[in-house]
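Student: One structure coming up, written as structure tokens, with questions to follow.
The values are calculated or read from the model by the stated rules, or taken from the named source; none is laboratory data. Bear in mind that the values here come from a model prediction, so they are computed numbers and not experimental data. Cβ sites come from the backbone with ideal geometry, for glycine too, and all protein chains shown count toward neighbours. Quick note on the areas: whole protein, heavy atoms, side chains included, nothing else; ligands and nucleic acids left out. Shrake-Rupley method; radii C 1.70, N 1.55, O 1.52, S 1.80 Å.
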Amino acid sequence: MSPSSLRAVHPRRPGQPSVVPGGTRVAWALGGLLALLSAATSFARDDLYASVAAAASGSEWEAVVGMVAEVGVLALVGSAAVLAAWSWLRDRRAFLTLASAGVGVAGAYATSELVKLLVEQQRPCRAVDVQTVLACPGVGDWSWPSNHATIAAAIAAACFFTLPRSAWFVVPVAALIAASRVAAGVHYVHDVLAGLALGLVGVTIAVALLRRICDRLVHRAPSQRP
């Protein structure tokens, strides 16, 4: 995504809210759905994991699965960086939205780490005898929820709230990252679904709570110029 293309698909005037009407409601609904799916799939976690991981291991897609699982999140980091540079130069309201979403990204990640320590769920590659694409993380590196899925969903949500049209790219990438963590053999399905829900909800909460502060900063900005 280049700055020129961002301007082309983002016609609103600087200072206007960057979230599409109903966008927050959609985020809440999707987060709730992901959480319910996580709970539902936990009852068949071993079978689901084994079928996905076994299909990926040794297949022609094995190298791609491993690469996406390990470094795929960098594509989302790059997208957020492009949006940050563009919005700083062109739309201060969008930049503040992205900054507030960044608070949610950090909060979601910290929460996922805390929950891991509280739940202490063993990695599936240690509990189920299946050949995996990636080496199994060490003992004490817990499984639920998935940090990668949490970060992927959080960054995707941050990009969406900043520039709604970016959803066509960031949402599929986040979903692929989450799926690749299961296919690579390091997470259960319900791990990544919970991570996606946590990342999405964490950013949605941050954007909602900090929206008024962003509005005040935008309205003050013109009066501070000479």
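Student: For the chain, the longest stretch holding no GluC sites (Glu not before Pro) located in a DSSP loop with at most 14 other Cβ atoms within 10 Å is which? Before the final figure, lay out each step's value.
Tutor: On the way: sites that count: E60, E120.
Counting at most 14 other Cβ atoms within 10 Å as exposed, the longest clean stretch of the chain is 121-226.
Student: Accessible area per residue, 1.4 Å probe, Å², for the chain: what's the number?
Tutor: Values: 11410 Å² over 226 residues.
That works out to 50 Å² for each residue.
Student: Okay, moving on. Return the FRET efficiency for the residue pair Q131, V64: r is the Cβ-Cβ distance, R0 is 22 Å, and the value is rounded to the nearest 0.05. Walk me through the intermediate numbers first.
Tutor: Numbers: r = 17 Å, r/R0 = 0.77.
In this case the efficiency is close to 0.85.
Student: R0 = 25 Å: FRET efficiency of A175 with L209, Cβ-based, nearest 0.05?
Tutor: On the way: r = 26 Å, r/R0 = 1.05.
Step by step, r from the Cβ atoms, then E = 0.40.
Student: Per residue of segment 174-184, in order, report the coupling 6.51 cos²θ - 1.76 cosθ + 1.60 (Karplus, θ = phi - 60°) as ³J(HN,Hα) in whole Hz, putting x for Gly and Pro.
Tutor: With the stated coefficients, segment 174-184 comes to 4, 5, 5, 4, 4, 5, 5, 5, 6, 4, 6 Hz.
Student: Follow-up question, since we're still on this one. Using θ = phi - 60° and the Karplus form 6.51 cos²θ - 1.76 cosθ + 1.60, what ³J(HN,Hα) does each residue of segment 119-132 get, whole Hz, x for Gly and Pro?
Tutor: Coupling constants for segment 119-132: 7, 6, 7, 5, 5, x, 5, 9, 9, 10, 7, 9, 5, 10 Hz.
Student: Here is a follow-up. With every protein chain left in place and a probe of 1.4 Å, what is the accessible surface of D91, to the nearest 10 Å²?
Tutor: 10 Å²
Student: If you don't mind, another one. Taking amide H positions as placed 1.01 Å from N in the peptide plane, with prolines and chain starts having none, which residues 5 or more places from W142, or on another chain, fall under 5 Å of its amide H?
Tutor: Residues meeting the criterion, in which the H sits 1.01 Å from N, do not exist here.
Student: Just to be sure I understand the model, the point goes 7 Å from the Cα along the line to the Cβ. What's the resulting L36 to R220 distance in nm?
Tutor: 4.2 nm
Student: Next up: In segment 31-64, what chymotrypsin sites (Phe, Trp or Tyr not before Pro) fall in a loop by DSSP, with at most 15 other Cβ atoms inside 10 Å? Walk me through the numbers before you get to the answer.
Tutor: Details: sites: F43, Y49, W61; in loops: W61.
Sites meeting the loop and neighbour criteria: W61.
Student: Sum -39500 (n - 2.57) across every DSSP H segment of at least 4 residues in the chain, then divide by the residue count to get the 222 nm mean residue ellipticity, nearest 500. Intermediate values should be presented prior to the final figure.
Tutor: Details: 10 runs with 163 residues, N = 226.
About -24000 deg cm²/dmol.
Student: How many times 2.2 N^0.38 Å is the alpha carbon radius of gyration of the chain? Don't skip to the end; give the middle numbers.
Tutor: On the way: Rg = 18.8 Å, N = 226, 2.2 N^0.38 = 17.3 Å.
Its radius of gyration relative to the 2.2 N^0.38 Å reference: 1.09.
Student: Leaving out ligands, DNA and RNA, and with a 1.4 Å probe, what % of the accessible surface on segment 102-201 is carbon or sulfur? Show your work: numbers first, answer last.
Tutor: Working: 2510 of 3740 Å².
Carbon and sulfur atoms account for 67 percent of the accessible area of segment 102-201.
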